[in-house]
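Scroll down for the structure; my scribbles are underneath it.
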Amino acid sequence: MKKSALQVTLTVLIIFSTVAFTAAHCEIPCGIYDDEMRVHMIAEHINTIEKSMKEIEKLQGESKINYNQLVRWVMNKENHANALQEIVTQYFMTQRINPDIEDYAKKLTLLHKMLIFSMKSKQTTDLGHIKTLRSLLDEFRDLYFGKVINSPKGLKLK
């Protein structure tokens, strides 16, 4: 039996929408959260953005620029900045930080600043943005948890 183009298109759309939906933490109040993991994920994204910036600078300094690699590192930097922004907005700002908690305004301000410096890291290869992102993450982490959490091996949290 042959499938019509409409059936195939609808099937593909359903598959892609399901994959996209399941990739993020749902907004159902299930109570299954791992805040520390999300902080570590943000730190990992910051480290990857930094690595991408350094590789971009290195490639731009070569006499014969490898544009394929340059574009790949730029895309990598963009993707990790977007992923960082997703965690900040969809996880922390939408689900974990609410007006009834202590230090709401301070936490919200730190998260918003992380969004701004993540955006700035997309626009340039200024490593100062990385330093600021790490500082903001450290400050948010300490305010959110009230203590310093252990970093997985190799991740820079400070």
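Determine, yes or no, whether residue 147 is among the basic types (Lys, Arg) and at pLDDT 95 or above. When the stated conditions are applied, residue 147 does not pass them. The set of residues in region 91-101 that are surrounded by 14 or more Cβ atoms within 10 Å (Cβ to Cβ) and either at pLDDT 95 or above or not polar (S, T, N, Q) (or both) comprises 91, 92, 93, 96, 97.
Since residue 106 meets every condition but one in (1) under 14 Å from residue 141 (Cα atoms); (2) of a type in the set (Lys, Arg); (3) touching a Ser or Thr at 6+ places or on another chain (Cβ under 6 Å), which condition does it not meet? Unmet condition: (3). Does residue 59 satisfy being at pLDDT 95 or above, crowded, with 16+ Cβ neighbours inside 10 Å and not small (Gly, Ala, Ser)? The answer is yes for residue 59. Between 32, 65, the distinction of being over 27 Å from residue 121 (Cβ atoms) and at pLDDT below 95 belongs to 32 only.
For region 119-128, taking the residues that are assigned to a helix (DSSP H, G or I) and in contact (Cβ under 8 Å) with a residue 40 or more places away in the chain, the one that is nearest to residue 47 (Cα to Cα) is identified as 121.
Does region 14-27 include one or more residues that are in contact with a Pro (Cβ under 9 Å, 6 or more places away or on another chain) and modelled with pLDDT under 95?
no
Taking the criterion of being farther than 24 Å from residue 38 by Cα and among the β-branched types (Val, Ile, Thr), the residues of region 59-88 that qualify are 65, 71. One residue stands out among those in region 102-127 that are among the charged types (D, E, K, R) and on the phi < 0 side of the Ramachandran plot: the one that is surrounded by the fewest Cβ atoms within 10 Å (Cβ to Cβ), which is 102. Name the single residue that is farthest from residue 50 (Cα to Cα) among those in region 69-117 being assigned to a loop (DSSP other than H, G, I, E, B) and touching a helix residue (DSSP H, G or I) at 6+ places or on another chain (Cβ under 8 Å). For region 69-117, the residue satisfying everything is 101. In the set (1) surrounded by fewer than 15 Cβ atoms within 10 Å (Cβ to Cβ); (2) within 13 Å of the chain's Cα centre (by Cα), residue 145 fails one condition alone, (2). Within region 31-50, being more than 12 Å from the chain's Cα centre (by Cα) and buried (at least 18 other Cβ atoms within 10 Å of the Cβ) holds for one residue alone: 50.
The values are calculated or read from the model by the stated rules, or taken from the named source; none is laboratory data. Being a predicted model, the structure only gives us computed values, none of them experimental. A quick note on method: Cβ atoms are made from the backbone with ideal geometry, for glycine too, and the neighbour counts reach across all protein chains shown.
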